[in-house]
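The values are calculated or read from the model by the stated rules, or taken from the named source; none is laboratory data. Quantities reported herein were computed from a predicted structural model and do not represent experimental measurements. Because the Cβ atoms are built from the backbone with ideal geometry, glycine has one as well, and the counts that use them run over all protein chains shown.
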Amino acid sequence: MTRSGEKVTALCLGGYHLGFTENPNEAEKMLERAMELGVRFFDNGRKYHDGRSEDYMGKFLTPKYREQIFLMTKAPGKTGKEVRQQLDDSLRTLKTDHVDLWQIHALQTPKDVDQRLKEGVLDAFLEAREKGKTRYLGFTGHRNPITHLHFLSRLEALGIELDTCQMPLNVCDPTFESFQHKVLPVLLKKKYGVIAMKTMAGGSMMGGRIDTTPKDIRTKDIPDVVNKTELSHANLHQYVYSLPVSTLCTGCRLTSELEVNAEVLTKLKKLSESDMKRLEHYAEPYAGLIVENYKRILK
């Protein structure tokens, strides 16, 4: 993490996909395998599968490994009262007295930013840090870079800096409503820790999977970008690791998917600028709202 100097593993296990399984044994196997592979950064969110994702980590991760891991969760509440309650619920479910990183979850639009600030969300987050309920603070979003820039501008006007930002970064992003081009340079200048997500566009680059795509962003006839181009699962990850990010948060339904993603790091090579441009060229025809179905055009 850039400004704080905190060290985290290059791979972060996403909590959203962990919660898809209704079988606690499968969730436990995933978490144990992550620890075996050296993953020490674990993502979560209060509303993921009605709290099931946090429940799994509270049962199978923190009781054994709390001192070894960097634990993050997020609160989507729209008011200070809501997020305070969500943090208390998260801490109880995760079985810990504090998280290492707590993030304002899924900022949607500049209007949403302004409303959450007005309703005391940021105040509640700052209060939580003062009380020791979290060590660091951040924010997330995937709709449009305008929203992130607006929030960063509001923070600057208030004289406040948070620690991290979680946002989509992948080979499709540079040519459509780009977080990489518009937000990443600002974050680096402000020395934020950058948490990359949606490296495979939430799975959409493989044609999408209805069972893993949230209902509010599902799109029809998603092309299988990987099979239609010279892109591979490995170089999708290599592309993001070649950007100045702190970590890559990956969602895995199966332990085998986690193993494949972790293996990229054992054979990692930093791509040259020409390599990256080549991969962007392959992806460019598919960039946009069909594959990047989590984005929105804002005016």
Looking at Arg3, is it in a loop (DSSP other than H, G, I, E, B), touching a strand residue (DSSP E or B) at 6+ places or on another chain (Cβ under 8 Å), within 22 Å of Arg253 (Cα to Cα) and of a type outside the set (Val, Ile, Thr)?
no
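Name the residue that is farthest from the chain's Cα centre (by Cα), counting only residues in region 51-71 that are under 20 Å from Thr140 (Cα atoms) and either assigned to a helix (DSSP H, G or I) or not hydrophobic (A, V, I, L, M, F, W, C) (or both).
So the first thing to find is which residues in region 51-71 are under 20 Å from Thr140 (Cα atoms), and the list is 51, 53-54, 70-71.
Pick out the ones that are also either assigned to a helix (DSSP H, G or I) or not hydrophobic (A, V, I, L, M, F, W, C) (or both) and you get 51, 53-54.
Numbers: Gly51: 17, Ser53: 14, Glu54: 15 Å.
For region 51-71, the residue satisfying everything is Gly51.
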Odd one out for Arg84, checked against (1) in contact with a Ser or Thr (Cβ under 8 Å, 6 or more places away or on another chain); (2) of a type in the set (D, E, K, R); (3) assigned to a helix (DSSP H, G or I); (4) buried (at least 20 other Cβ atoms within 10 Å of the Cβ)
(1)
For the list (1) outside any strand (DSSP E or B); (2) among the basic types (Lys, Arg); (3) within 26 Å of Thr247 (Cα to Cα); (4) touching a Lys or Arg at 6+ places or on another chain (Cβ under 7 Å), I need the number of the one condition that Lys74 fails.
(1)
Could you tell me whether region 17-33 includes any residue that is among the hydrophobic types (A, V, I, L, M, F, W, C), at pLDDT below 95 and within 25 Å of Asp163 (Cα to Cα)?
no
Which pairs do you get when a residue that is at pLDDT 95 or above and part of a helix (DSSP H, G or I), found in region 273-296, comes within reach of a residue that is β-branched (Val, Ile, Thr) and surrounded by fewer than 21 Cβ atoms within 10 Å (Cβ to Cβ), reach meaning Cβ atoms under 6 angstrom, with the pair 6+ apart or on two chains?
Tyr282/Thr229; Glu284/Thr175
Report, by residue number, each residue of region 247-261 that is surrounded by fewer than 22 Cβ atoms within 10 Å (Cβ to Cβ) and not β-branched (Val, Ile, Thr).
Cys252, Arg253, Leu254, Ser256, Glu257, Glu259
